[in-house]
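The values are calculated or read from the model by the stated rules, or taken from the named source; none is laboratory data. What you see is a predicted model, and the numbers here were worked out from it, not measured in a lab. Don't worry about glycine lacking a Cβ; one is built from the backbone with ideal geometry, like all the others, and counts go over all protein chains shown.
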Amino acid sequence: MKKPVNVVIAGLGGQGVIKASDILSEAAFRSGFEVKKSEIHGMSQRGGSVTSDVRFGPQVFSPMVPPGEADFLVVLAPDQVEVNRGQLRAGGVLIAPDLIDPAALSNRKSFNVALLGALSTHLEISEDNWQASLHAVLPEKLHVANEQAFAAGRRAVAARLQP
């Protein structure tokens, strides 16, 4: 990897956008990358828009992903897809909320981690570093549910790639 990887995570207040960016940042850091993160909370306490930019690579100068340069856009709320689509570069990957059925998760609050599982299939970060990051960022009582959600996200991507 020669240039930073740009990831934008978007959703609504209370969906775990910031927690997802914390987990991604920790996983990238554990993988030996330089990491920078930025957040925009907006009206998050009232269910408003929240975004978090995560940039990682051999050298990162700014925490902000320039408009139209996100390599990956992870969106937790359906109504935030079009609002944030302009962040994605041409050829970038959209990980939309319709990839995962929240009812299939043992804990619906783990939806953000399920989408991280989907994102993980596209990144040069080992599954061991992802698991260690889940454990470092989340309380122990949430480890099992989030490990299951992460695996569900990875399976969802694999299922979409099947002919």
Ala132 vs. criteria over 14 Å from the mean Cα position of the chain (by Cα), assigned to a helix (DSSP H, G or I) and of a type outside the set (D, E, K, R): yes
Contact list please: Cβ distance under 6 Å, first residue in the range 143-161 and in contact (Cβ under 8 Å) with a residue 12 or more places away in the chain, second residue assigned to a helix (DSSP H, G or I) and of a type in the set (S, T, N, Q), pairs at least six apart or on different chains. Ala145/Ser110; Asn146/Ser110; Ala149/Ser110
With the structure loaded, tell me whether Glu39 is touching a Lys or Arg at 6+ places or on another chain (Cβ under 6 Å), among the charged types (D, E, K, R) and either over 17 Å from Ala156 (Cα atoms) or exposed (fewer than 13 other Cβ atoms within 10 Å of the Cβ) (or both) or whether it fails that test. no
Residue among Gly14, Gly48 that is in contact with a Gly (Cβ under 8 Å, 6 or more places away or on another chain), at positive phi and at pLDDT below 95: Gly14
Go through the range 98-115 and give me each residue that's of a type outside the set (Lys, Arg) and either without any contact (Cβ under 8 Å) to a residue 24 or more places away in the chain or surrounded by fewer than 17 Cβ atoms within 10 Å (Cβ to Cβ) (or both). Asp98, Asp101, Pro102, Ala103, Ala104, Ser106, Asn107
Filter the range 116-163 for residues that are in contact with a Ser or Thr (Cβ under 8 Å, 6 or more places away or on another chain) and charged (D, E, K, R); which is surrounded by the most Cβ atoms within 10 Å (Cβ to Cβ)? Arg154
Going through the range 1-11 in order, the residues found to be modelled with pLDDT under 90 and either among the charged types (D, E, K, R) or part of a strand (DSSP E or B) (or both) are Lys2
Scanning the range 82-97 for residues that are of a type in the set (A, V, I, L, M) and at pLDDT 95 or above gives Leu88, Ala90, Val93, Leu94, Ile95, Ala96
Hits in the range 58-77 - residues which are in a strand (DSSP E or B) and within 16 Å of Ile23 (Cα to Cα): Phe72, Leu73, Val74, Val75
